[in-house]
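Below: one structure, written as C-alpha cells.
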Amino acid sequence: MTASELQTFRARSLSRSIGGRQRRWRVVVGPVGLHPLTRSHRTWSVDPSNIAREVIKVEELFDRLRLHHPVASTR
C-alpha cells in the first residue's frame, strides 16, 4: 500500500466510522510519514492534531490499520 493509498483509506475510514467529510479528516491527520525499511515494526507514521477526543479516535483506527498494513511504499 502506498502513502497516497493509506491517506485515502484513512480519511474514508474515519469519515465512515466517526462522521464528517474526508477532506476534514485529511487535515486532522496530516500527511503520512514514510520511513526506511530498517524500522522493524512499520514504515509509516502519522501525527494527528486536533481536539483530544478526535486524536484518540484517529490513533485507535491507525493501531488497527498498522496490524494489517505495516509497510507502505512510495509507489
message: Could you work out how much longer the chain between Arg21 and Glu59 gets when fully extended? Use 0.36 nm per residue separation minus the Cα distance between them, nm to one decimal.
response: 11.9 nm
- request: Take the Cβ-Cβ distance between Leu37 and Thr8 as r, set R0 to 35 Å, and report the resulting FRET efficiency rounded to the nearest 0.05.
  value: 0.95
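None of the figures in this text is laboratory data; all of them are computed from the coordinates on show. Note that this is a predicted model, so its numbers are computed, not measured. Positions of Cβ are generated from backbone atoms using ideal geometry, with glycine treated the same way; all protein chains shown enter the neighbour counts.
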